[in-house]
Amino acid sequence: MKNPFRYGIIVDEPFFINREDEQKDITQWLTTKQSIVLYSPRRYGKSSLIIKLLNQLKKSGYHTVYIDFFKVHSKTKFVEILYQEILNTLHPWEKTIKQINQFVKKIKPVISFGDDGNPLISLQSSDSMSDISEVFDLPQKLAKDKPWIVVFDEFQDVAKLNGDSFEKELRAALIHHDNVAYVFMGSQSSILQNMLTHPNKAFYQFAKMMELKKINKDVMVKYVSDHFNSTDFNINKDDAKNIVDIADNIPHYVQYLASAVWETAIESRMVNSNTIQTAVAKILNNQLDYFSSMYHRLTSQQQKVLLALSTESKRIFTENYKKKHNLSTVSTTQRIVERLIHLGIIEKESGSYQFQDPFFKSWLKSV
Ligand SMILES: Nc1ncnc2c1ncn2[C@@H]1O[C@H](COP(=O)(O)OP(=O)(O)O)[C@@H](O)[C@H]1O
Ligand SMILES: [Mg+2]
């Protein structure tokens with residue numbers, strides 16, 4: 001019997017639920033060549049959503065490109081992945097390569113073949129990467145029968161490429177691409193800050209901002225119940241709700257905890273508050289060293305604010321909150337919260353503050 005929960009990977013049905021409205025809106029925008037910025041904290045389901053959409057769009061004949069900037073550690077790598085994605089979407093590949101060579105003069109791809117017989121692209125180290133504007137223009141110039149959909153995931157990682165000039169060149173090129181819809185994805189703090197503070201505001205107007213929110217809580221609770229039930233486990237609604245609550249209803253952590261609870265309850269097939277507690281304890285135990293070192297790297301003032309946040313996360317910049325949690329001035333708390341956001345420990349979530357990792361919060365409560 002297989003665990004009915006999945007986490008840490010791109011998911012599709014039956015592990016992917018909801019998001020119908022988002023799918024409709026995004027499809028509508030992209031097919032009318034409206035570029036978007038899709039942002040949310042990590043692990044809300046951005047990549048899963050966009051991959052699902054790309055698969056659908058491919059079936060409808062759109063040319064799609066997906067580039068995860070996590071994997072792009074150099075300009076050369078960027079070009080390689082872009083070429084590869086273009087070859088995967090345009091057929092026959094021989095013709096595509098000829099076209100690429102016709103548009104890009106300075107860089108010549110080397111082709112080899114994988115075990116499956118599909119062409120694999122690599123570049124020669126002698127290729128100059130000083131000006132790759134021709135490369136940026138490829139989707140716009142190739143196959144104009146249907147619009148292109150180009151996705152840049154984890155776009156904040158563009159900073160690794162000595163971001164500024166690469167990003168500038170990219171932006172300069174793509175505002176002229178009227179046959180391509182772009183999707184920039186990443187977390188709010190980094191991407192948005194970068195785009196809004198950028199001197200070239202034209203770019204900000206070029207793309208529509210869309211925040212991916214959490215999945216409705218009742219829907220998530222039902223998912224948890226249904227998936228336990230599908231493997232003949234018993235779980236009542238309160239316990240399913242409890243799992244979602246402990247995970248702060250963050251899709252990844254809901255599936256992570258539910259998966260651990262499933263493993264814990266595998267013999268009795270009965271989920272109750274004890275099995276949930278045991279699963280949480282196991283998770284915390286596994287991450288003890290990690291949480292503890294993260295905590296001890298913080299200053300004592302930061303630790304104090306974090307401990308306060310672990311028990312109460314609303315109206316935190318008030319005199320009342322300050323007194324109750326024995327904090328320094330409100331302005332100091334504000335500064336510390338900014339810092340904790342910058343460190344990726346907490347994030348802003350509809351007017352309140354939440355931990356990026358709900359288990360770090362659970363661990364702090366036990367400190
Ligand atoms: N629509 C969904 N329904 C159920 N679980 C989801 C959904 N989207 C994401 N998840 C869960 O969240 C995890 C992280 O998803 P991912 O798409 O990688 O998020 P992001 O790209 O925002 O970091 C997945 O492995 C899965 O466990
Ligand atoms: Mg992602």
Can you pull out every residue in region 28-51 that is assigned to a loop (DSSP other than H, G, I, E, B) and either among the aromatic types (F, W, Y) or over 12 Å from the mean Cα position of the chain (by Cα) (or both)? T32, K33, Q34, Y44
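Residues checked against (1) more than 30 Å from D232 (Cα to Cα); (2) hydrophobic (A, V, I, L, M, F, W, C); (3) over 29 Å from the mean Cα position of the chain (by Cα):
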{"residue": "S292", "(1), (2), (3)": "yes, no, no"}
{"residue": "Q303", "(1), (2), (3)": "yes, no, no"}
{"residue": "R315", "(1), (2), (3)": "yes, no, no"}
{"residue": "S328", "(1), (2), (3)": "yes, no, yes"}
{"residue": "E338", "(1), (2), (3)": "yes, no, no"}
{"residue": "I345", "(1), (2), (3)": "yes, yes, no"}
Against the definition (part of a loop (DSSP other than H, G, I, E, B), near ligand 1 (Cβ under 9 Å from one of its atoms) and either on the phi < 0 side of the Ramachandran plot or not hydrophobic (A, V, I, L, M, F, W, C) (or both)), how does P14 come out, yes or no? no
When every residue in region 308-327 that is basic (K, R) and in contact (Cβ under 8 Å) with a residue 12 or more places away in the chain is compared, the one surrounded by the fewest Cβ atoms within 10 Å (Cβ to Cβ) is K314
Just to be sure, is K146 outside any loop (DSSP other than H, G, I, E, B) and either among the aromatic types (F, W, Y) or assigned by TED's automatic domain parsing to the domain that holds A207 (or both)? no
Given the conditions (1) outside any helix (DSSP H, G or I); (2) within 16 Å of ligand 1 (Cβ to nearest atom); (3) at pLDDT 95 or above, and given that L298 satisfies all but one, which numbered condition is not satisfied? (2)
Looking only at region 63-71, decide whether some residue is touching a residue at least 40 places away in the same chain (Cβ under 8 Å), surrounded by fewer than 16 Cβ atoms within 10 Å (Cβ to Cβ) and polar (S, T, N, Q). no
Kindly provide the set of residues from region 19-50 that are polar (S, T, N, Q) and crowded, with 17+ Cβ neighbours inside 10 Å, ordered by number. S35, S40, S47, S48
Filtered residue count, region 149-163, keeping only those that are away from ligand 1 (no atom under 16 Å from the Cβ) and in a loop (DSSP other than H, G, I, E, B): 1
Among residues belonging to region 1-11 that are among the hydrophobic types (A, V, I, L, M, F, W, C) and crowded, with 19+ Cβ neighbours inside 10 Å, point out the one that is nearest to ligand 2 (Cβ to nearest atom). V11
Which listed residue is part of a strand (DSSP E or B), farther than 30 Å from P358 by Cα, assigned by TED's automatic domain parsing to the domain that holds A181 and more than 16 Å from ligand 1 (Cβ to nearest atom), from V65, V79: V65
Among (1) without any contact (Cβ under 8 Å) to a residue 60 or more places away in the chain; (2) within 29 Å of the chain's Cα centre (by Cα), which single condition is A247 missing? (1)
From the set of residues in region 218-262 that are closer than 18 Å to N3 by Cβ and acidic (D, E), which is farthest from ligand 1 (Cβ to nearest atom)? D232
Tally the residues that are crowded, with 18+ Cβ neighbours inside 10 Å and farther than 18 Å from H91 by Cα, restricting the search to region 103-122. 2
Could you list, in sequence order, the residues of region 325-350 that are touching a Phe, Trp or Tyr at 6+ places or on another chain (Cβ under 9 Å) and either of a type in the set (G, A, S) or farther than 15 Å from L307 by Cβ (or both)? V330, S331, Q334, I341, E347
Looking only at region 12-59, how many residues end up being touching a helix residue (DSSP H, G or I) at 6+ places or on another chain (Cβ under 9 Å), within 13 Å of ligand 2 (Cβ to nearest atom) and touching a residue at least 60 places away in the same chain (Cβ under 8 Å)? 10
Just to be sure, is S259 assigned by TED's automatic domain parsing to the domain that holds I246 and not in a helix (DSSP H, G or I)? no
Considering region 34-54 alone, what residues qualify as being away from ligand 1 (no atom under 13 Å from the Cβ) and over 16 Å from K24 (Cβ atoms)? S35, V37
Among V330, V367, which is the only one that is hydrophobic (A, V, I, L, M, F, W, C), out of contact with any strand residue (DSSP E or B) (no Cβ under 8 Å at 6 or more places or on another chain) and in contact (Cβ under 8 Å) with a residue 40 or more places away in the chain? V367
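The values are calculated or read from the model by the stated rules, or taken from the named source; none is laboratory data. Fair warning: this is a prediction, and the values are worked out from it, not measured in the lab. Cβ sites come from the backbone with ideal geometry, for glycine too, and all protein chains shown count toward neighbours.
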